[in-house]
Amino acid sequence: DGSVKPGGGTLTAFDPPSGTGVRVDSFGYAGYTTSPRYDSLLAKVIVHSAGDFSAALNKTWRALCECRIDGVPTNLPLLKNLLRHDAVAGNRIHTRFIDQHLAELLTEQDHPQRTPRLHTQSAAPAEMELTVDENSVRSPMQGTLVAIVVENDAHVRKGQTLVILDAMKMEHVITAPHAGTVQQCQLKKGDAVREGQVLLQLLPREVEDAELVATENLDPDRIRPDLAEVRQRHAYGLDENRPDAVAKRRATGQRTARENIADLCDADTFVEYGSLAIAAQRRRRQLQDLIEKTPGDGMVCGIGRVNGEQFGDAGRCVLMTYDYTVMAGTQGIQNHRKKDRMFELAQQWRLPVVLFSEGGGGRPGDTDGLGSSASLDCLAFILFAKLSGLVPLVGIASGRNFAGNAALLGCCDVVIATRNANIGMGGPAMIEGGGLGVYAPEQVGPISVQVPNGVIDILVDDEANAVRAAKQYLSYFQGDLVQWQAPDQRLLRTLVPENRLRAYDVRAVINGLADVDSVLELRPQFGLGMITAFARIEGRPVGIIANNPQYLAGAIDTPGADKAARFMQLCDGFDIPILFLCDTPGIMVGPEVEKTALVRHVSRMFVTAASLTVPFFTIVLRKAYGLGAMTMAGGTLKAPLFTVSWPTGEFGAMGLEGAVKLGFRKELEAVQDPEQRDELFRTMVADMYERGKAVNNATFFEFDDVIDPADSRHWIMTALRSAPKPAPRNGKKRPCIDTW
């Protein structure tokens, strides 16, 4: 009948192939009735050929053509067609091949010049065919009756269980196709039945409830023992069942792992993975003790939605937190495996990752499956590092974050830390073990060290504020906002003083340009001469890089260059346009600053900007001098989508004062009177300013225009709307986001 589905019955003919190199393993013979108690294999044909693969295929095909089995359906036609398929001959098959070509393989094939021809399976003999009426309930498969629920003359409703059939070690329930009365139920428990065999007759009849035979309880509210066990196992990890652990967190002013997750993701959207995992210490601790004391192996992780009210499913994230109440949040075998699983899902589905990193690093006490292994083949670190540049990575540090926990934190695009955080590549035990002294945890990597040195991007008071910062940070990567509020743009005209020597707060300019309450600054206490921040303009995310005239007059030094170069990578990696706000006298100079490898670090800004693919623009607020100005415009004033200046802008190859001192040294030295020399100097500087001020320099078309500061948002939005939207990506734009 051309079916692949095996069936049972009696063999009316059984002639296996034979010959040199052909072996058949079978118990079949003519007259043999197949048993439903075993699998459906009738015969195994094994063929050996001294030739090549093609010769072996041909010999096998001929052997199958010689094989004759009648009385039951077999897969001989399929196998013969398969052996003659061109893909098999060319060894181009795969695990889905049969599924994809099944219809073709079940069709009779004619292979010219190949004999004998393939043929379809002969039908079962007439005496095996079952002629039954529509009220017969037949077996859907061969098997053994393990239970007969009803008896003759019993009244049943539609869908009620009639018999239970065992096939291939699985029980199959046969139910009533309609309401009626059972008749001719002659079978008994243990009987073997063939596919299609009549089990009983079910005469249609309207049945009153009082006449029905008893049926099993289908109460959906009943908690079965297996479900009760699952619930109990999950309960061990819930905060309400761990009062002592919760009390310890309260004593340090911190929240539990589950409280942080619940605060971060939208209500009822978090799906936890691996909640029943326990520490790999079965060799040294009792199972029940591990279940109660090490829930989740110190890691709560899963997928939830963050900012879903604004961005819908674009807010889906992988959320992970070490649980410090379980073995101090150390990294065990199972929580490493859980991390591996989540990192792979993040890679596959392009999901941002938020990691709460509190914990003490690797755990030495795990025993299961380790032997003498040092676990240096752990995959978690490389899997997480590979996510850099593919999806946003957010790290949140509270309390003690040492060793492996700190290493994962350091891989993140942004590090958010609370004031009680300590972050170090080695904790006190490792320091002491290395013979480097004895230190308290609070002495290793406190915020007083890790904020000014740039390890921490965002400092907050507590975990609640850390979660709020994480939500805001993630929002810039999740999409545009429909609702936004613009500050009064006229106020921008007042922010840069008319006195060109007067310092001012460039953060006020950033807040004045951006949508209200949309600015999030990164690393504000590191690289003080450069400001990097995310913001929104008319609801659209932008990255802002600005010189800070309140530090070194806005001159670019090593930390500032590093800070700006990395931020450019971050924005470009995730298609966020960049706005440069230029007010710099140039690159910092002097013997001391050169000791910081300034040449290499500042050049990062040129190299990074040259690889940008996102639109970027430059607004000159005041000073635009020399190489420093060029770094704030991607390498040249003609690189940005637009370069404009406010009326306070001034341009030059170097600072005006320095240009006068160097260019007119002889003229100045020729004036003997100090007051007259100073007066001449001021006059020359004023003359240089007149030549270099924005409205005059614009006549040379070195940049695009001088604008009213109140029109800045209009220029930015025109550029954003003019630039094409980024094409969907299959992978990364950049290999990674530099951790520094």
*List the pairs whose first member sits in segment 83-98 and is more than 20 Å from residue 46 (Cβ to Cβ), whose second member is among the hydrophobic types (A, V, I, L, M, F, W, C), and whose Cβ atoms are under 6 Å apart, counting only residues at least 6 apart or on separate chains?*
87/93
*Is it the case that segment 201-221 has a residue that's open to solvent by 40 Å² or more (accessible area, probe 1.4 Å), under 54 Å from the mean Cα position of the chain (by Cα) and modelled with pLDDT of 85 or more?*
yes
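Look through segment 152-180, keep the residues that are among the β-branched types (Val, Ile, Thr) and buried (at least 18 other Cβ atoms within 10 Å of the Cβ), and return whichever of them is farthest from residue 138 (Cα to Cα). Walk me through how you get there before you give the answer.
Of the residues in segment 152-180, the ones among the β-branched types (Val, Ile, Thr) are 156, 161, 163-164, 173-175.
Remaining after also requiring buried (at least 18 other Cβ atoms within 10 Å of the Cβ): 156, 163, 174.
Working: 156: 17, 163: 11, 174: 9 Å.
Ranking the candidates gives 156 first.
For segment 666-688, check the following and say yes or no: at least one residue is of a type in the set (Asp, Glu) and closer than 25 Å to residue 505 by Cα. Reasoning before the result, please.
Within segment 666-688, the subset of a type in the set (Asp, Glu) is 667, 669, 673, 675, 678-679, 687.
Applying the additional criterion that residues be closer than 25 Å to residue 505 by Cα yields none.
The answer is no; no qualifying residue exists.
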*Matching residues, segment 525-563, being open to solvent by 10 Å² or more (accessible area, probe 1.4 Å) and free of Cβ contacts under 8 Å to residues at least 40 places away in the same chain*: 528, 551, 552
*asked:* For residue 461, only one of the following conditions fails: (1) loosely packed, with under 15 Cβ neighbours inside 10 Å; (2) within 27 Å of residue 620 (Cβ to Cβ); (3) of a type in the set (D, E, K, R). What is its number?
replied: (2)
*Among what's in segment 672-705 and is modelled with pLDDT of 90 or more, in a helix (DSSP H, G or I) and more than 20 Å from residue 635 (Cα to Cα), pick the residue that is least open to solvent (accessible area, probe 1.4 Å).*
696
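Got a sec? Which of 334, 310, 347 is under 18 Å from residue 362 (Cβ atoms), in contact (Cβ under 8 Å) with a residue 40 or more places away in the chain and surrounded by fewer than 24 Cβ atoms within 10 Å (Cβ to Cβ)?
Working: 310 fails: under 18 Å from residue 362 (Cβ atoms); 347 fails: under 18 Å from residue 362 (Cβ atoms).
Going through 334, 310, 347 in turn, just one is under 18 Å from residue 362 (Cβ atoms), in contact (Cβ under 8 Å) with a residue 40 or more places away in the chain and surrounded by fewer than 24 Cβ atoms within 10 Å (Cβ to Cβ): 334.
Over 26 Å from residue 499 (Cβ atoms) and either modelled with pLDDT of 90 or more or not in a strand (DSSP E or B) (or both): is that true of residue 667 in this structure? Talk me through it step by step, then tell me what you get.
Numbers: over 26 Å from residue 499 (Cβ atoms): yes; either modelled with pLDDT of 90 or more or not in a strand (DSSP E or B) (or both): yes.
So residue 667 fits the description; yes.
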*Does residue 417 qualify as being closer than 18 Å to residue 525 by Cβ, open to solvent by less than 10 Å² (accessible area, probe 1.4 Å), in contact with a Gly (Cβ under 7 Å, 6 or more places away or on another chain) and at pLDDT 95 or above?*
no
*Mind listing whichever residues of segment 602-646 are among the hydroxyl-bearing types (Ser, Thr, Tyr), in a helix (DSSP H, G or I) and closer than 27 Å to residue 498 by Cα?*
631
*Which residues, taken from segment 270-295, are open to solvent by less than 60 Å² (accessible area, probe 1.4 Å), in contact (Cβ under 8 Å) with a residue 12 or more places away in the chain and more than 23 Å from residue 316 (Cβ to Cβ)?*
278, 279, 280, 281, 290, 291, 294, 295
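Any chance segment 467-475 includes a residue that's at negative phi, free of Cβ contacts under 8 Å to residues at least 12 places away in the same chain and over 27 Å from the mean Cα position of the chain (by Cα)?
Our first condition is that a residue be at negative phi; within segment 467-475, this holds for 467-475.
With the extra rule that they be free of Cβ contacts under 8 Å to residues at least 12 places away in the same chain, the set shrinks to 468.
Then drop every residue that is not over 27 Å from the mean Cα position of the chain (by Cα), which leaves none.
Checking segment 467-475: not a single residue is at negative phi, free of Cβ contacts under 8 Å to residues at least 12 places away in the same chain and over 27 Å from the mean Cα position of the chain (by Cα).
Sort out which residues of segment 232-249 are assigned to a loop (DSSP other than H, G, I, E, B), touching a residue at least 40 places away in the same chain (Cβ under 8 Å) and open to solvent by 40 Å² or more (accessible area, probe 1.4 Å), and write them in order of number.
The answer is 236, and nothing else.
Please go through segment 493-509 and pick out each residue that is assigned to a helix (DSSP H, G or I), out of contact with any Leu (no Cβ under 7 Å at 6 or more places or on another chain) and either closer than 21 Å to residue 532 by Cα or among the aliphatic types (A, V, I, L, M) (or both).
Applying the first criterion (assigned to a helix (DSSP H, G or I)) to segment 493-509 yields 493-494, 506-509.
Still in the list and also out of contact with any Leu (no Cβ under 7 Å at 6 or more places or on another chain): 493-494, 507.
Answer for segment 493-509, where residues must be assigned to a helix (DSSP H, G or I), out of contact with any Leu (no Cβ under 7 Å at 6 or more places or on another chain) and either closer than 21 Å to residue 532 by Cα or among the aliphatic types (A, V, I, L, M) (or both): just 507.
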*Matching residues in segment 490-535 - criterion: being of a type in the set (S, T, N, Q), more than 36 Å from the chain's Cα centre (by Cα) and closer than 28 Å to residue 471 by Cβ*: none
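Given the options 433, 424, name the one that is small (Gly, Ala, Ser), buried (at least 24 other Cβ atoms within 10 Å of the Cβ) and free of Cβ contacts under 8 Å to residues at least 40 places away in the same chain. Lay out the reasoning, then the answer.
On the way: 433 fails: buried (at least 24 other Cβ atoms within 10 Å of the Cβ).
So the residue among 433, 424 that is small (Gly, Ala, Ser), buried (at least 24 other Cβ atoms within 10 Å of the Cβ) and free of Cβ contacts under 8 Å to residues at least 40 places away in the same chain is 424.
Determine if segment 592-601 includes at least one residue that is assigned to a loop (DSSP other than H, G, I, E, B) and buried (at least 22 other Cβ atoms within 10 Å of the Cβ). Show your work before the answer.
Our first condition is that a residue be assigned to a loop (DSSP other than H, G, I, E, B); within segment 592-601, this holds for 595-597.
So of that shortlist, the ones also buried (at least 22 other Cβ atoms within 10 Å of the Cβ) come out as none.
No, segment 592-601 contains no residue that is assigned to a loop (DSSP other than H, G, I, E, B) and buried (at least 22 other Cβ atoms within 10 Å of the Cβ).
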_Suppose the filter is of a type outside the set (Lys, Arg), in contact with a strand residue (DSSP E or B) (Cβ under 8 Å, 6 or more places away or on another chain), modelled with pLDDT under 95 and surrounded by 16 or more Cβ atoms within 10 Å (Cβ to Cβ); does residue 304 pass it?_
no
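Could you please let me know if residue 469 is at pLDDT 95 or above and either small (Gly, Ala, Ser) or within 30 Å of residue 733 (Cα to Cα) (or both)? Before the answer, list the steps.
Numbers: at pLDDT 95 or above: yes; either small (Gly, Ala, Ser) or within 30 Å of residue 733 (Cα to Cα) (or both): yes.
So residue 469 passes the test.
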*So, of the residues in segment 86-120 that are among the polar types (S, T, N, Q) and farther than 15 Å from residue 61 by Cβ, which turns out to be modelled with the lowest pLDDT?*
120
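The values are calculated or read from the model by the stated rules, or taken from the named source; none is laboratory data. On a predicted model such as this, the values are computed, not experimentally measured, just so you know. Because the Cβ atoms are built from the backbone with ideal geometry, glycine has one as well, and the counts that use them run over all protein chains shown. Surface accessibility is based on the protein's heavy atoms, side chains included, excluding ligands, DNA and RNA. Shrake-Rupley method; radii C 1.70, N 1.55, O 1.52, S 1.80 Å.
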